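Engineer: The following block contains the structure, expressed as structure tokens.
FYI, it's all coordinate maths here, none of it is from the lab. None of these values were measured; they are calculated from a predicted model. As a convention, Cβ positions derive from the backbone with ideal geometry for all residues, glycine included, and neighbour counts pool all protein chains shown.
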Amino acid sequence: MMIKVEAIIRDEKFEDVKAALNDIEVNGITVSQVVGFGAQRGFKEVVRGSEVEIFMHPKIKFEIVVSSEDWEKKTIEAIRKAAFTGEIGDGKIFSYEIRSALKIRTGETGYDALQS
């Protein structure tokens, strides 16, 4: 079984989450800068003298594929602890099963494709 864990977190928590994943020896992380909003909605900002409502907030998205439910739990807990502030906008973590994986360079599939 392969499981993908996706986490969308505050951009200022990037280094904390990266360090937490490194501490539990997670390998193979993809990180993207994204924008979005949830319960916090937007905020107002003055741009060139006019008040503008900004709906999208900068976030960081981590994507990690792990090889078992144990690794899924460890990975989610590490992210949750490192990303937590207790304020609206801390983010979300999603996980779901992956049907297949293929390492382009070697043609390996499944679990073997996740190895270095």
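Engineer: At a temperature of 4 °C and a viscosity of 1.567 mPa s, determine how fast the chain diffuses translationally according to Stokes-Einstein, using the Kirkwood radius over alpha-carbon pairs as Rh; express D in µm²/s, rounded to the nearest whole number.
Structural biologist: Details: Rh = 15.7 Å.
Approximately 83 µm²/s, per Stokes-Einstein.
Engineer: Calculate how steeply helix 69-83 sits against the longest principal axis of the alpha-carbon atoms of the chain, using the helix alpha-carbon long axis, and give the answer as 0 to 90 degrees to the nearest 10.
Structural biologist: 20
Engineer: Running a GNM on the chain with Cα contacts under 10 Å, which residue among 64, 54, 79 ends up with the highest mean-square fluctuation?
Structural biologist: 54
Engineer: Continuing with this model, one more query. Assigning unit charges at the beta carbon (Lys, Arg +1; Asp, Glu -1) and nothing else, what dipole magnitude in debye, to the nearest 20, does the chain show about its Cα centre?
Structural biologist: Computed about the Cα centre, the dipole is about 260 debye.
Engineer: Any idea which of 101, 33, 82 is furthest toward the positive side of the dipole for the chain, if Lys and Arg beta-carbons carry +1 and Asp and Glu beta-carbons -1?
Structural biologist: 33
Engineer: Continuing with the same structure: Quick one: Karplus J couplings for the range 105-114, per residue in order, coefficients 6.51, -1.76, 1.60, θ = phi - 60°, nearest Hz, x for Gly and Pro?
Structural biologist: 4, 10, x, 5, 10, x, 4, 4, 5, 7
Engineer: Still on this structure, I have one more. Can you give the angle from 0 to 90° between the axis of helix 14-23 and the longest principal axis of the chain, with both taken from C-alpha atoms, to the nearest 10?
Structural biologist: 20
Engineer: Right, something else. If exposed means no more than 10 neighbouring beta carbons inside 10 Å and the site is in a DSSP loop, what's the longest run of the chain without any exposed trypsin sites (Lys or Arg not before Pro)? Spell out each step's value before the answer.
Structural biologist: Numbers: sites that count: 48, 99, 105.
Counting only loop sites that pass the neighbour cut-off, the longest clear stretch is 49-98.
Engineer: Now a separate question. Pick out, in residue order, every one of the GluC sites (Glu not before Pro) in the range 1-67 that is DSSP loop and has at most 11 other C-beta atoms within 10 Å; say none if there are none. Don't skip to the end; give the middle numbers.
Structural biologist: Numbers: sites: 6, 12, 15, 25, 45, 51, 53, 63; in loops: 25.
Sparse-neighbourhood loop GluC sites (Glu not before Pro): 25.
Engineer: Gain in length, residue 27 to residue 1, computed as 0.36 nm per residue apart minus the alpha-carbon separation, to one decimal in nm?
Structural biologist: Values: separation 26, 0.36 × 26 = 9.36 nm, distance 1.67 nm.
The residue 27-residue 1 span can extend by a further 7.7 nm.
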